[in-house]
1. Can you give the FRET efficiency for residue 52 and residue 283, using 1/(1 + (r/R0)^6), R0 = 30 Å, r = Cβ-Cβ distance, to the nearest 0.05?
2. Kirkwood-based Rg over Rh for the chain (C-alpha set), two decimals?
3. Dimensions of region 389-475 along principal axes (Cα, Å, largest first)?
4. Can you list the residues of region 168-189 with backbone N under 12 Å from a point 7 Å past the Cα of residue 151, pointing along Cα to Cβ?
5. Please compute the modelled spin-label separation between residue 675 and residue 90, points set 7 Å along Cα→Cβ, answer in nm with one decimal.
6. Tell me, rounded to the nearest percent, the portion of alpha carbon pairs in region 1-128 spaced more than 27 Å apart.
7. Please provide three numbers in whole Å: the alpha-carbon extents of region 196-298 along the principal axes, with the largest listed first.
8. Going by alpha carbons, how many degrees (0 to 90, nearest 10) lie between the helix axis of 132-147 and the longest principal axis of the chain?
Ligand code: ATP
Ligand code: MG
């Protein structure tokens, strides 16, 4: 069973069939975790070792950088060197650089990094809306059109057919799209979509280039083929020419980029296009425990209108594991704190940090997890999206706040912050658009930080707030270390971890609110949940929170996709009692000064109304801060990782006498209690004794 050193033993009979199939069209149609990526990497290795193709003649493509990296790692492990495993864009960029001088001459071009500036100019000229959100939506719409091979002239009809939610009147979109293209050409720029358009055009229009290219690349492999766009398919066709040496693998149930023009049709119709194709189906799930597989089957069984060819039932191959856990929390900080507590337990049990992931629907959700993990001293990395403080809207907000802080400002800090952020897109009500919503959520998160600070310090002002933000930004930018992964569900495609936390599973987030008017969009959201569930090898936690902020109105409902998955008598309803909800459970709900019930994150953290007098013990606070500085140095972490200012202030106000008092302060969970509880209590006690002396 050995092809000159390559072991084929770790393959089942169907996988082996795909790996050893003769060169020519091969299609693997199979569910998550069945070994599709493993099969194609083995196929490449097999063909190379058999001498049927040289490594440099193989071009393997996929859709995300991370997935391409995963393919390269697996190929290297199989001893294959010199095969390109890249994204469509990276492949096209390389080819264009190579062929451009010959085809176009020495006329230079520059790759446009982001469409916003030119779309802004075009929108202005077209009289279309030019707020930051409208521009982002217009840019996304142009991207969809280009990915779908829709010209400006065709846009109105095509967008109606695709039931697009146009960001402006279709005629206006046409004008912006045309204006954008004109401005771009005039400044000799090309955008990411043009990379693909030009590559396919050059290959179809220049026979000599096509001949040279086709001599160099003989064998094509596409992973995650269900997410191919018509534009990418055109490039693939140009690469192939008349040949059929193409292996594709995919899972129609994991199509999660339809909104951007992707379609599983080429995957499902592969054997119609290549009648001689070898079509292989895999059903054994090697990735996940039977418990996780069963949940995945349930999620996808509920899908409506599944296309023929996508009905597969996964059969788990691994030994039994823990059942998936469902947990409901009062608010997001409590949810995040419980997740952090559970992660600490997993780490203590020996699960590697790199084998744990927290996944969410929109990138803005990461902030509360970044904070909870920083509070718990757990290192993390944000994947496929940027860390909160690196996001463009957050950076813009910081600049705007810094500028405003330099001038005179009257009024309450949170109001001032809202005012400064309003022009950046912080409307009173959440917007419905996709990208605009993400942006809005990030800006709102900043206002919430301002509210928190305003409640902690009586004289909180804008310069102080800016300084606080800068410190937080630093605390959340520790040097890259091995850490747990924070990623959006989209960015998690193709990857796997021992433990996966699917967070924020409320209606309005999964499915996302703006999908609501459209059945097809709802189904895409369901597939996204299926992608999330199938990332877990063993431990799977699903959670949601009824309110966004601590003490806020508990008005959310858990995701409709969970109906029928959670047994009716399951304590999901009230899982907080078990799941590290120490701080949530014990947290004070009424003001310790006036007794009225607490509203807002800050009030809850302080244990008093924001308006009630602060009774902070300044001397104790100073000593706590000194202690924090030395501990942070000792542990080689930023001070914030030990305790935030807000938590120290709360300690100095409440002077807890015992561990019970300590954990009732939010921001102090079991981990912190373990590590720092004794120190803090001793510091507080010192204070009490001196009082009595
Ligand atoms: P996805 O749809 O999520 O991309 P996939 O079908 O590409 O999943 P892989 O990532 O290739 O699945 O495989 C899932 C896991 O199962 C990997 O850890 C892989 O090494 C393992 N695996 C696949 N096939 C086998 C096998 N025959 N024996 C043992 N382990 C296997
Ligand atoms: Mg895969």
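Taken together, the values in this text are just the output of simple stated rules run on the coordinates, not laboratory data. The model shown is predicted, which means the values in this text are computed figures rather than measured ones. Please note: Cβ atoms are built from the backbone with ideal geometry, for glycine as well, and neighbour counts cover all protein chains shown.
1. 0.60
2. A ratio of 1.00.
3. 37, 27, 23
4. none
5. Going by the 7 Å Cα→Cβ label model, 3.5 nm.
6. 38 percent
7. That works out to 55, 30, 23 Å along the principal axes.
8. 20 degrees
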